[in-house]
Structures are given as structure tokens and as C-alpha cells.
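The values are calculated or read from the model by the stated rules, or taken from the named source; none is laboratory data. Quick caveat: nothing in here was measured; it's all calculated off a predicted structure. Methodologically, a virtual Cβ is constructed for each residue, glycine included, from the backbone with ideal geometry; neighbour enumeration extends over all protein chains shown. These area figures cover heavy atoms from the full protein model, side chains too; ligands, DNA and RNA do not enter into them. Shrake-Rupley method; radii C 1.70, N 1.55, O 1.52, S 1.80 Å.
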Amino acid sequence: MATGTNPTGVHTQHRTHAAETATLAILLAISFCHLLNDMAQSLIPAIYPILKTSFHLDFGQVGLITLTYQLVASLLQPFVGLYTDRRPQPYSLPVGMSFTLIGLLLLSIAPSFAILLIGSALVGLGSSVFHPESSRVARMASGGQHGFAQSVFQVGGNAGSAVGPLLAAFIVLPRGQHSIAWFSLAALLGIAVLSSVGKWYRRNHVTEQRPRSGEHVRAQLPSRKIAFAIAILIALIFSKYFYLASLSSYYTFFLIGKFHVSVRTAQLMLFLFLGAVAAGTVIGGPVGDRFGRKYVIWVSILGVLPFTLLLPYASLFWTGVLSLVIGLVLASAFSAILVYAQDLLPGKVGTVAGVFFGFAFGMGGIGAALLGELADVTSIAFVYHVCAYLPVIGLLTAFLPDLERRKPLAV
């Protein structure tokens, strides 16, 4: 009997390993650029004290800056996703980051309030291009582990949102408005990385149109049921991001007002909460890949209810513990919700990503504004009593179809 190694099998294994390494590199690259993109976007609210003083702005004008970049970032995303689903644009990602670069430079040299608004709008425009297209690239590079890929991609954004204000505190606040220009170097780096990602995207988007056997499936659901399921997912996003807005925007005020802690202690506890959110984002995707996305949605939205109900009554120590649990559990929902929606609507990856990222951005901004108004007429403590019941919306998960149990129907 002949013995020896089958050279064809060895070469096949080498090619497979090389392909997996390449797609992991693409996934890490897109996550890193998500960090750069969201860091740039988080700079805008972080520099409000400087802009308010330099341009003698009132709070209404500060709010208009927020409204400008949030509206551009959220409203354009679905249209970008819809367009690129029909006409893939491999190099749209570096183009989007170029808008961010120009926006940052304008913010650094803006001589008037109008130019500030234009710069903010350009940063929002860059974000509106980046999110749906990079979510598509993450799915292409997932190797079938769609939840894991979305989690890796999104944790970059979480890290960027947390790092941006810290960098602003150490770089922009001491040195003034013109130092914003230094962050354009990060945008330049992002353009370079995304150009390489664009080359990979151009080579692979045709294969992405012809997925592996059994992967491209119809949801086997009538259009009405799909629309109903999407509406439930939208409601769940509303619950998640309204509650997260209460913590990310007003947690420090809550801690200072209730426990009389120092600003530094409150900021440290907020940073720990944001770290828990990042960890939850990483965990949610792989768990959904393994056990089913509907189960992750159940646990992450409704499962957080006991902790949100306890939070307004807890001591300082237990407030910290509960906020960590809430951040960890609640943040695991988004990856599962996004991939579940993409499975409902195969072939519309960009549209789904644009709708859900855009809605999440919008809900975060609207939630912060409405809860701030509520706090003004009542109190911060009352806000947390009201928001404690938002996870009850997680009961709607019961009406979502069990996609994992359905036998795939090839098309």
C-alpha cells in the first residue's frame, strides 16, 4: 500500500488557511477603521465647551450642531445601503473617510458658526457612508460566523466612542480649536487602510453575490410577517438605545446628584460602564452564532429588566455593579438584532445595516434630548425610574419567528 501525503490536500489546506487569515485581517482592519470613524464623530460633542466659548454660542446653537451631524449620519445611511446593494462600490469606504477628513479640517479652522455646521455635516456624511458599507464587508469576511464578525466590527466603534472624548480632553481642550486638525492624521490612516480593504472588496464582492451552498436562503416567510418582524426589531432597538442614552448622557449627573461623588469618580464609573458595553458587544455575536440570535435578543433586552428596576434604589457600590451588568447584557443585543434582520432580508445587507445603524444613531440622539427635557422638568432620578421599564419591550421578542429552526430553502 502506497503511503505519503496527498499534495493536493496539503495545498488545499494551505489555501483555506491563507483565505481565513486574509478575511480575519480584513475584519480587524474594518474594526480598526470603525474605531477611527467613531472617534472622529465623538470629538464633536467633546469639544462643545471650546466652541461655545470661542463662538459665543447658546445652548440652542450647540444643539443645532448635534442635530446636524446626527441627522446626516442617521438619515442618509439607509439610502447609501440601498444604493450599494444594487450597485456595489468597493471604494466607497475611503471616499466616506475622505468626507470625515475634510470635515475635521473645517472644524479646526472654522471662522463662523455656519462653517462649523458644514464641518459637522461632512463628518456625519462620512459616517453615513462608512457604517452600511463596512457592515457589508464584515459580513463578507465572516466566513459564515456573521454574529462574530459584526461583534468584532462594532467593538471598534465602541472603543472609538470611548477614546474620542479622552483624546479631546488631553489634546483639544488644552490646545484649542486648531488642534482638531491633528485628528485628520487618523482619518488619513483610515483612508489608507480602507483603500486596501476596497481592493479586497472588489475582488470578493462577486463571490459574495454567490454564497456557499446553504448560506443564501430565503426566509420562507410572507412579506407581511417579515415586515412585522422588522417592526419588532426596530422597537427593540428603541428600547436598547433609549436606555443606553440615559446612562451614557446622564449617568455622571445621577451619581453626583445622588451620592455626591467627585466628577472624577463619576467619570471613572462611566468609563467602566462603557467598557462593559464594549465587552457585551464582543460577546453577543459569537453567542448568537452558537445558540441562536433570538435567544440572545431575549436575554439581552428582557433579561436586563431586573437590574434596571433595582438600579434607582441601589447603593453606590451596587449602582456600579448593576450598571456593569446592564452594559454587558444590553450591549450584546445589537449584533444579534442586525444579523437576524439581515437573515430576514438576504441580499439587502447594506440596506438593513443602513436602516438599523441609522435608527440606532437617531434614537441615541433623540433619547438624550428627550430625557434631558424630562430631567429638567422632574429630576435625573425620575429619569432612571421611568427608563427602568423600557426593557419590558423585550417581551415582543416572543413574536419573532425562529429562523434557525427553519429548513433553508435554496434560491
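Where the eigenvalues come from the Cα gyration tensor of segment 83-147, what are the semi-axes √(5λ) of the equivalent ellipsoid, largest first, in whole Å?
Working: eigenvalues 183, 23, 15 Å².
Semi-axes (√(5λ), whole Å): 30, 11, 9.
Sorted from largest down, give the three principal axis spans of the alpha carbons of segment 242-350, whole angstrom values.
On the principal axes, segment 242-350 reaches 52, 26, 20 Å in Cα extent.
What do you get for the angle between helix 92-109 and the principal long axis of the chain? Use alpha-carbon atoms, 0 to 90 degrees, nearest ten.
Between helix and principal axis, roughly 20 degrees.
For segment 308-411, what does the accessible surface come to per residue with a 1.4 Å probe? Please give it in Å².
On the way: 4430 Å² over 104 residues.
Ligands and nucleic acids excluded, the figure is 43 Å² per residue.
With only alpha-carbon pairs counted, each pair once and no self-pairs, how large is the Kirkwood hydrodynamic radius of segment 94-186 in angstroms?
Over segment 94-186, the inverse of the mean reciprocal pair distance is 14.5 Å.
Could you work out how far apart the two model spin labels at L82 and R175 are, taking each label as a point 7 Å from the Cα in the direction of the beta carbon, and quote it in nm?
Going by the 7 Å Cα→Cβ label model, 4.2 nm.
Leaving out ligands and nucleic acids, and using a 1.4 Å probe, what accessible area per residue does segment 115-206 come to in Å²?
On a per-residue basis, 36 Å².
Report the relative contact order of the chain, percent, no decimals, based on alpha-carbon pairs under 8 angstrom and at least 6 residues apart.
Working: 640 pairs, mean separation 103.9, N = 411.
With pairs under 8 Å counted, the relative contact order is 25 percent.
Semi-axes, largest first, in whole Å: what does sqrt of 5 times each Cα gyration tensor eigenvalue give for segment 232-278?
The three semi-axes for segment 232-278 are 25, 12, 5 Å.
Pull out a ≥ b ≥ c, the square roots of the eigenvalues of the alpha-carbon gyration tensor of segment 272-327, then state rounded if a/c is under 1.5, prolate if not and a/b is larger than b/c, and oblate in the remaining case.
Verdict is oblate for segment 272-327.
For segment 264-411, calculate the relative contact order in percent as a whole number, restricting contacts to Cα pairs under 8 Å that are 6 or more residues apart.
Relative CO of segment 264-411 lands at 33 percent.
Which length gain, in nm to one decimal place, applies between R290 and A235 when the Cα-Cα distance is subtracted from 0.36 nm times their residue separation? Before the final figure, lay out the partial values.
Values: separation 55, 0.36 × 55 = 19.80 nm, distance 2.45 nm.
Taking R290 through A235 to full extension adds about 17.3 nm, to one decimal.
What is the P(r) of the chain, as percent of Cα-Cα pairs per 20 Å bin from 0?
Whole-percent P(r) values from 0 Å outward: 26, 56, 16, 1, 0.
How far apart, in nanometres, would the label points at L221 and D376 be if each is projected 7 angstrom from Cα along the Cα-to-Cβ direction?
It works out to 4.0 nm between the two label points.
Express the Stokes-Einstein translational diffusion coefficient of segment 309-411 in µm² s⁻¹, to the nearest whole number, given a Kirkwood radius over alpha-carbon pairs, 10 °C and a viscosity of 1.306 mPa s.
D = 96 µm²/s.
How large, in percent, is the carbon and sulfur part of the accessible surface of the chain at a probe radius of 1.4 Å?
Its accessible area is 69 percent carbon and sulfur atoms.
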